[in-house]
Amino acid sequence: MLTLQQRDCLLGGKAKAKTKKADDGDETKTVELELSRLVLDKAELNALLREPHAWDVLYDTSGDAIEPYLRSIKELEFAKPIEGAWVSIEFGLNSQRFEFAEVKLSKVKLSLVTGGETLLSCRFTVAHTDNDTLALMFDQLNSTVLVEIRAEPPGAQRELPLNKFGDGEQGDKPKRGPRRRVPSRDALN
């Protein structure tokens with residue numbers, strides 16, 4: 001599980017409000033905003049990539065300064081979006097905080113920086129909230145905000161509900177086949 005504790009980032013200048021019409025006639029309104037310049041440390045990068053040695057593979061620590069091995073690569077982009085994330089955004093003098101569940105993080109990009117820090121940028125799409133919230137969020141575009149993110153990286157296996165039963169349910173007893181008789185030692189001789 002990726003958990004990025006509250007930190008500064010830039011709420012990007014591009015924002016989109018979309019309305020999708022389903023086959024049954026229902027309309028779904030979504031808002032897409034950009035987050036950039038989220039600084040990841042070594043442990044967070046390893047957790048996001050689900051690889052305990054990812055940071056060591058991407059950064060050269062043999063010199064005086066920590067340098068990316070891939071200096072000619074601008075960004076690394078995830079192939080798939082991260083679905084079902086939780087995002088909290090806080091801003092303003094009176095610390096207005098907005099929490100969003102079931103967020104889709106798309107265009108997730110990692111930029112390798114001298115010094116060993118990794119910068120994460122992404123777009124986050126959330127179901128349309130009330131217009132007052134949208135107005136406040138749009139007022140903060142191109143501003144530094146505090147953000148917190150919790151999500152499962154793409155491809156992470158969800159926990160399976162094995163050996164768990166609901167209220168009033170009872171598990172099946174294991175089925176056993178017919179017992180085989182093992183011949184005695186005397187019968188084998």
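The values are calculated or read from the model by the stated rules, or taken from the named source; none is laboratory data. Computed from a prediction, not measured in an experiment: that's the story for all the values here. Counting neighbours? That spans all protein chains shown, and the Cβs are built from the backbone with ideal geometry, glycine included.
Quick look at the values:
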item	result
Count of region 106-141 residues which are at pLDDT 85 or above, more than 15 Å from Ser36 (Cβ to Cβ) and of a type in the set (Val, Ile, Thr)	3
So Thr125, is it surrounded by 15 or more Cβ atoms within 10 Å (Cβ to Cβ) and within 16 Å of Asp8 (Cα to Cα)	no
Criterion: more than 17 Å from the chain's Cα centre (by Cα), closer than 18 Å to Lys107 by Cα and surrounded by 11 or more Cβ atoms within 10 Å (Cβ to Cβ) - qualifying residue of Leu11, Leu70, Leu35, Leu49	Leu11
Cross-chain or 6+ apart pairs with Cβ under 7 Å, region 24-53 first and more than 20 Å from Gln5 (Cβ to Cβ) and of a type in the set (A, V, I, L, M), then in a loop (DSSP other than H, G, I, E, B) and modelled with pLDDT under 90	Val31/His128
First in region 89-103 and farther than 13 Å from Val126 by Cα and free of Cβ contacts under 8 Å to residues at least 40 places away in the same chain, second anywhere and surrounded by 12 or more Cβ atoms within 10 Å (Cβ to Cβ) and charged (D, E, K, R), Cβ under 6 Å, 6 or more apart	Arg97/Glu90
Subset of region 53-74 that is assigned to a helix (DSSP H, G or I) and of a type outside the set (Val, Ile, Thr) - its residue that is nearest to Lys42 (Cα to Cα)	Trp55
Residue in region 69-76 that is modelled with pLDDT of 90 or more and among the β-branched types (Val, Ile, Thr) present	no
Whichever residue in region 75-101 is outside any strand (DSSP E or B) and touching a Ser or Thr at 6+ places or on another chain (Cβ under 7 Å) and, among such residues, is surrounded by the most Cβ atoms within 10 Å (Cβ to Cβ)	Pro81
